[in-house]
Each structure stands twice: as structure tokens, then as C-alpha cells.
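See structure below.
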Amino acid sequence: DGSEKISLMRLFHYFVAGDNETSEKEVLGSSPHRDWGLLTLILQDAPGLEYFDGFVWKKVPYIPGSLVVNGGDFLNMLCEDFKSPIHRVLAPTTENRMSFVFFFYPSYETLLRPPSSRQSGSGVEIETSLNGDKHSDAGMEFNTLTSILESTDDAPFQFGDAVVLKWKGVQA
């Protein structure tokens, strides 16, 4: 609370989903979302990470020993040329999967201003379920940094306070 350093490393353990009858079906390990920080570094030991390209889900190529670098909402707020991708993780079907994820955040006290002219939804069609149904993300909530800022008044907001709100929402 109020610390200058709020970046963190998390270890995600994805267990094999289902049984022999469901092992061929796709099961979410992590639902579609955008990362909040500046950068996210991911070291994974198996495939499963996917991103939404605006039309379909695409697999992030798995290269053993490599890092996946993902730009977050904060980077997008600094430079609109960098987009914070919607991504998800599929649960493994044959053996457990491990990911080491480092979330690089600005300091707690970094002031953010609510985006007055930007919209949180991209208005694209997104497949939000695994059965192929498509829905517009314009009215959907991906628990993004901009959605937290849009729910506040026009006063500057500390990045750390936004993260606290995010984690309260995740734990609810």
C-alpha cells in the first residue's frame, strides 16, 4: 500500500482440464483480458497463450526458453501506437503447464487521468466463448485500466489505487 515498487512476479500453474471425455475440448485456464501495466514478461513451459487479432483467436508461438513480451494498458496510454492485446490462456489437455509472469508497473503514485475522448470498447466482434459464438466487445468488461479510470471522476487517479481496485474485483 503506497509502495514505490509495485511490479510483481507471479507463478501460474495450469492443471490439465477435464478427463478422457473432455480432453479434446478447449477449456479456459485464464479468461480474456488485457494487462494493466507497462510491460508483461512471460516465460512458459508449454503452448496455451492466445491473443485476439480483431477477428479470431490466434496462438502465440511457443518457443522453449523464450520470453513473450506483452504491452499493457499503461503503455497504450503513453503511446497509442502500442495496443494492449486481449489475450487468454487455454488449459492444457495432456500435462500441467507453468508460466512465470512478471508484471512491470509504474510506481504506485503515478498519476493517471481519465480518458475523456477515448472509448473502452473497440467495437470489434470477439469470440468470448469457446464454442464459436461471437459478441461485440463494445459493451463487455475486460477489467482494463481504462475501464477503472472511466468509472472515476475527472480528478487524477494513482496507478496503485487502480491496481488495488483491480485485485479487489479479481478476488470477489
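The values are calculated or read from the model by the stated rules, or taken from the named source; none is laboratory data. In this text, all values refer to a predicted model and were calculated from it rather than measured experimentally. Positions of Cβ are backbone-derived with ideal geometry, glycine not excepted, and every protein chain shown enters the neighbour counts. In case anyone asks, the SASA skips ligands and DNA or RNA and just uses the protein heavy atoms, side chains included. Shrake-Rupley method; radii C 1.70, N 1.55, O 1.52, S 1.80 Å.
Could you please find all residues in region 68-83 being in a loop (DSSP other than H, G, I, E, B) and under 20 Å from Leu43 (Cβ atoms)?
Residues of region 68-83 that are in a loop (DSSP other than H, G, I, E, B), as a first pass: 72, 79-83.
The answer is Gly72, and nothing else.
Could you list all residues from region 82-96 that are surrounded by 12 or more Cβ atoms within 10 Å (Cβ to Cβ) and either out of contact with any strand residue (DSSP E or B) (no Cβ under 9 Å at 6 or more places or on another chain) or touching a residue at least 12 places away in the same chain (Cβ under 8 Å) (or both)?
Here is the first cut: in region 82-96, the residues surrounded by 12 or more Cβ atoms within 10 Å (Cβ to Cβ) are 82-93, 96.
Listed by number, the residues that qualify are Lys83, Ser84, Pro85, Ile86, His87, Arg88, Val89, Leu90, Ala91, Pro92, Thr93, Asn96.
For region 108-122, what are the residues that are at pLDDT 85 or above and either open to solvent by 40 Å² or more (accessible area, probe 1.4 Å) or in contact with a Pro (Cβ under 6 Å, 6 or more places away or on another chain) (or both)?
Of everything in region 108-122, those that are at pLDDT 85 or above and either open to solvent by 40 Å² or more (accessible area, probe 1.4 Å) or in contact with a Pro (Cβ under 6 Å, 6 or more places away or on another chain) (or both) turn out to be Glu109, Leu111.
Quick one: in region 1-28, which of the residues that are open to solvent by less than 40 Å² (accessible area, probe 1.4 Å) and within 20 Å of the chain's Cα centre (by Cα) is modelled with the lowest pLDDT?
Going through the qualifying residues, I end up with Ile6.
All but one of (1) surrounded by 20 or more Cβ atoms within 10 Å (Cβ to Cβ); (2) more than 11 Å from the chain's Cα centre (by Cα) hold for Cys79; state the number of the condition that does not hold.
Looking at each condition in turn, Cys79 falls short on (1).
Residues to consider are Pro32, Pro61, Pro47; find the one that is of a type outside the set (Val, Ile, Thr) and either assigned to a strand (DSSP E or B) or in contact with a Cys (Cβ under 7 Å, 6 or more places away or on another chain) (or both). Full working, then the answer.
On the way: Pro61 fails: either assigned to a strand (DSSP E or B) or in contact with a Cys (Cβ under 7 Å, 6 or more places away or on another chain) (or both); Pro47 fails: either assigned to a strand (DSSP E or B) or in contact with a Cys (Cβ under 7 Å, 6 or more places away or on another chain) (or both).
Going through Pro32, Pro61, Pro47 in turn, just one is of a type outside the set (Val, Ile, Thr) and either assigned to a strand (DSSP E or B) or in contact with a Cys (Cβ under 7 Å, 6 or more places away or on another chain) (or both): Pro32.
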